[in-house]
1. Specify the inter-centroid distance of the stretch 291-365 and the stretch 73-140, based on alpha-carbon positions, in whole Å.
2. Leaving out ligands, DNA and RNA, what percent of the accessible area of the stretch 121-227 is carbon and sulfur, probe 1.4 Å?
3. Rounded to the nearest 0.05, what FRET efficiency do Ser355 and Arg290 give with R0 = 35 Å and r taken as the Cβ-Cβ distance? Could you check?
4. Okay, helix-only estimate at 222 nm for the chain: each DSSP H run of n ≥ 4 adds -39500 (n - 2.57), divide by all residues, round to 500 deg cm²/dmol; what do you get?
5. What does the net charge come to around His141 if you take all other residues with beta carbon closer than 12 Å to its beta carbon, with K and R at +1 and D and E at -1?
6. Give me the dipole magnitude in Debye, nearest 20, for the chain about the Cα centre, with unit charges on the beta carbon: positive for Lys and Arg, negative for Asp and Glu.
7. Which whole-number percent gives the relative contact order of the stretch 39-144, counting Cα pairs below 8 Å spaced six or more residues apart?
8. For Leu284, enumerate residues with amide H under 5 Å from its amide H, sequence gap 5+ or separate chain, H modeled in the peptide plane.
Amino acid sequence: MRITGAVLERCGAPAPYTESRPVTVGPLELDPPGEREVLVRIEAAGLCHSDLSVVDGNRARPVPMLLGHEAAGIVEATGPGARLAVGQRVVMTFLPRCGQCAQCATDGRLPCGVGSAANSAGTLVGGGRRLSREGQEVHHHLGVSAFATHAVVSETSVVPVDDDVPPDVAALLGCAVLTGGGAVVNAGRPAPGDRVAVVGLGGVGMAALLVAVALGHEVVGIDAVPAKLDLARELGASLAVGPQEAVDQGLRAPVVIEAAGSARAFETAYALTAPGGTTVTVGLPHPDARASVSPLSLTAEAHTVVGSYLGSAVPGRDIPRYVELWRAGRLPLDRLVSDRITLDDLPAALDRLASGAALRQLVMS
């Protein structure tokens, strides 16, 4: 079938992206779903730093590649062996879980080996690509490629949700909430009454803040952008300050989430971690980035540092938990949406994201 999508033509183009134009929007061909695959009509797709990291070259991926990895949509067709039904709303997640490999047996601590290999190659879990343009194959982004009108994905990349979950909420569950919320629930595991600090209040960091507040923790939000600090206070943070101010005040917390994706943010998060506490890092800095910490403090203060990919999540287990918090009115995910845009708005949206001005920008169909 013919679809419209946003294709990254080259990695490493300079900002501003409204001028360098590394992403083009146009027609593509989409093959029917294969074994245990589904065709999804995209309703909403979130723009995330994981998209930006491919555009700016921090995460090298094969091109041309149809971007987008956090989305929600409606199943319109199913391939052989698929268990989902036509008409179901699904959350699309960027880490397929085969459920068979050794990594999947770690209960989310490690990303699926099969899914990770497919993501690196730009294919689906079942092998190969379902996208092409004028006879040339187009790579899939993290098994989803949601910046389009439709996508074919492996059934292992989606989780069904009920119709009462609107698409703009469902889309956020696929990455921002799984990653940020999972950093708290699965990796940080704060005890009742523990303070939680979040360094970096983008979409993932603010989702971590929301989940921590929903679970009854005192939360400190830390970011360099004043507007984000204001929103953090509105969303329940007991304190919201800049990074240097937090260090100068001697703030400490038993659990600190780093969600900014920079070495400096990691150093700040580590410095704010209380003795005996846990620093959880979910950000994706440049591969060459290096941070400095004191090995003595690891021992003397019994620090734990945890890396958490996709919030150490098992999507089929965790997404229903967040849906229940949302239904109970404790997880106002709509507050994470800073802009609703179209595919043609993506270059400007990438510039807003790179500047730190945006939370989650949703491409709405």
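1. About 21 Å separates the Cα centre of the stretch 291-365 from the one of the stretch 73-140.
2. Values: 1520 of 2950 Å².
Carbon and sulfur together cover 52 percent of it.
3. On the way: r = 24 Å, r/R0 = 0.70.
Here the calculated transfer efficiency is 0.90.
4. Numbers: 12 runs with 96 residues, N = 365.
Per the formula, -7000 deg cm²/dmol.
5. Working: positive: Arg59, Arg61, Arg129; negative: Asp51, Glu70.
Here the charged neighbours net out to +1.
6. Details: 29 positive and 37 negative charges, 105 e Å.
It works out to roughly 500 debye.
7. On the way: 185 pairs, mean separation 27.4, N = 106.
Reported as a whole number, the value is 26 percent.
8. Gly261
The values are calculated or read from the model by the stated rules, or taken from the named source; none is laboratory data. Everything numeric in this text was worked out from a predicted model, so none of it was measured. Here Cβ is always computed from backbone atoms with ideal geometry, including for glycine, and neighbour counts include all displayed protein chains. Accessible surface areas use protein heavy atoms only, side chains included; no ligands, DNA or RNA. Shrake-Rupley method; radii C 1.70, N 1.55, O 1.52, S 1.80 Å.
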